[in-house]
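To start, the structure under review is shown below, and the notes come after it.
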Amino acid sequence: MDKISIIEKPLGVSWETIHEVLLAAHQENRSKGIIMAYSVQDGSKIREIIESSGGVMFVALDGNKVVGTAGIEIKKENRWYNKGLCAYYIFASVLPGYRGMNIYQKLNEYRNNWVKEKQLPVIVSATHEKNKRIINIWKKTGFKKVHFRAGSDHYNVFVARYLDKTEPSNFISFLMFNISKIFYKVRYRIDKEKGCVKRFGI
């Protein structure tokens with residue numbers, strides 16, 4: 001880990017490089033049919049999402065080589081689990097050859113410190129329901145499942161971690177998550193050709 005440095009994206013690292021690292025890091029997930037919309041955005045879109053929201057992109061460097069990424073988008077939400085600003089964690093990746101070196105955890109430390117400095121009260125993130133590895137990591141680091149939603153071609157699990165805001169009880173989080181899961185599983189189905197399709201006209 002000594003040779004890996006974590007810094008805010010410098011000018012010498014292009015947004016297209018970020019895109020390429022995300023593609024390479026998520027290749028295994030894509031081969032299993034686990035495709036997250038954020039992981040396939042091109043460089044210009046990644047830049048737009050980060051910069052227009054006032055967020056930040058951190059990179060892990062092995063010398064001059066980008067081996068990991070972790071972004072934050074600042075969002076304003078009106079959800080049961082968060083009404084107001086939040087730090088939305090996106091664009092996380094570590095190249096396959098660099099896994100097992102605590103790079104993801106180190107990137108998250110930098111994200112967490114940035115969020116605390118900005119005094120944002122809640123951290124929110126989402127992933128494909130079948131991405132069990134990241135969901136388990138979230139659980140171990142204090143995130144709660146709070147919402148379930150149908151995306152364009154898969155279902156998403158949303159999690160939240162509360163910093164400067166009163167967090168809902170475990171029971172309420174469990175209840176609201178499962179209510180939303182039942183709702184979206186009943187109302188929508190995922191068609192491999194058409195994507196997300198409403199059912200029964202509900």
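All of the numbers you see were taken from the coordinates with simple rules; none came from a lab. Fair warning: this is a prediction, and the values are worked out from it, not measured in the lab. Cβ coordinates were reconstructed from backbone atoms using ideal geometry, including for glycine residues, and neighbour counts include every protein chain displayed.
Observations on the model:
- With contacts taken as Cα pairs under 8 Å at a separation of at least 6 residues, the chain carries a relative contact order of 16 percent.
- Anchor LYS130: lysines whose Cα lies under 17 Å away (excluding residues fewer than 8 positions away in-chain): LYS32, LYS139, LYS144, LYS145, LYS181, LYS185, LYS192
- Scoring 66-76, 21-31 by mean Cβ neighbours within 10 Å over their residues and listing the highest first yields 66-76, 21-31.
- Around the Cα centre of the stretch 129-177, unit charges on the Cβ atoms of Lys, Arg, Asp and Glu (plus for the first two, minus for the last two) sum to a dipole of about 220 debye.
- Judged by the ratio a/c of the largest to the smallest principal axis of the C-alpha gyration tensor, the stretch 25-128 counts as prolate, that ratio being 1.5 or greater while a/b is larger than b/c.
- Point-charge dipole on Cβ atoms (K/R +1, D/E -1) for the chain, about Cα centre, debye to 20: 1020 debye
- Table column - 3J(HN,Hα) (Hz), the stretch 54-64, Karplus curve with 6.51, -1.76, 1.60, x for Gly and Pro: x, x, 8, 10, 9, 10, 9, 10, 10, x, 9
- Other-chain or far-sequence residues with amide H under 5 Å of VAL67's (modelled H): ALA60, LEU61, ASP62
- Under-5 Å amide H pairs with VAL146, H placed in peptide plane, nonlocal only: PHE158, VAL159, ALA160
- Proximal aspartates and glutamates to LYS198, defined as alpha-carbon separation beneath 19 angstrom and excluding residues fewer than eight positions away on the same chain: GLU129, ASP153
- Note, ³J(HN,Hα) from phi for the stretch 148-159, Karplus 6.51, -1.76, 1.60, rounded to Hz, x at Gly and Pro: 9, 8, 7, x, 5, 9, 6, 9, 10, 9, 9, 10
- Once the Cα gyration tensor of the stretch 159-199 is diagonalised, semi-axes √(5λ) in Å: 30, 12, 6
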